[in-house]
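Visitor: Okay, handing you the structure first.
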Amino acid sequence: MLYYTTVHHPYVREYMAIPELTVDRMLELAYGQAQNIIMGNKEQIMPVFMILSGDDQIIFVGTPWHGDDQKDMAVVMLRDMMKEHKAVAYSFLTEAWVAPQPKGWRPGFDPRGPAPSERPDKKEVVLAMATNGTDTKYKAWDIVRDGEGNCVGLVQEKEITKFALGRFEGLLPTSTH
């Protein structure tokens, strides 16, 4: 099930018209949202999409899935929603466990091994991706927790050029995916 709300802002088309500004601004908004949700508490971030429609609307879509089947269903619903609203850009924000792959690991050639959440070298992060169909950018912030499990900081990781969001990329109606 998707939870969403639509906000209408008449200035959105003009303000977000520059591709670099659209993507960068959406990543800034994702960071602000992450801070508001988890700073100072044990909360986790529900995966959320922010969709900019072709008619000056911002649609926030919460996607509380459990497992790959529900993720796949959400992708179908999101694609339909983006097509219906003539989406021009969107961002995706989620919390995840990540872990580095072993030295020499090659995608598609080596077994995946245990999930990051099961590995001793895991770390908890907030991941964000924003795209306007031409430009796509990614950011990640390490979640710093105190001894009681409360989030006390989000520390931006070094510059990220890409990370695996697979099914959540290429959802815009003009996308070839």
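The values are calculated or read from the model by the stated rules, or taken from the named source; none is laboratory data. Because the structure is predicted, anything quoted here is derived from the model rather than measured. Cβ placement follows ideal geometry from the backbone for every residue including glycine, while neighbour counts extend to all protein chains displayed.
Visitor: Pairs under 7 Å by beta carbon, first residue farther than 21 Å from Tyr31 by Cβ in the stretch 48-73, partner of a type in the set (A, V, I, L, M) and in a helix (DSSP H, G or I), six or more apart or different chains?
Guide: Going by the 7 Å Cβ cut-off, the qualifying pairs are Asp56/Val12; Trp65/Ala74.
Visitor: Could you say which residue among Val23, Val61, Val75 is modelled with pLDDT under 90 and either touching a helix residue (DSSP H, G or I) at 6+ places or on another chain (Cβ under 7 Å) or of a type in the set (Val, Ile, Thr) (or both)?
Guide: After ruling out the rest, the residue left standing is Val23.
Visitor: Is it fair to say Gly32 is over 25 Å from Thr134 (Cβ atoms) and at pLDDT 85 or above?
Guide: In short, no.
Visitor: Consider the stretch 17-66. How many of its residues are of a type in the set (A, V, I, L, M) and either assigned to a strand (DSSP E or B) or over 16 Å from the mean Cα position of the chain (by Cα) (or both)?
Guide: Final tally of qualifying residues: 11.
Visitor: What is the residue count in the stretch 63-83 for residues that are within 21 Å of Gln44 (Cβ to Cβ) and loosely packed, with under 14 Cβ neighbours inside 10 Å?
Guide: Final tally of qualifying residues: 6.
Visitor: So, in the stretch 8-20, exactly how many residues are under 17 Å from Ala128 (Cβ atoms) and either crowded, with 18+ Cβ neighbours inside 10 Å or modelled with pLDDT of 90 or more (or both)?
Guide: 1
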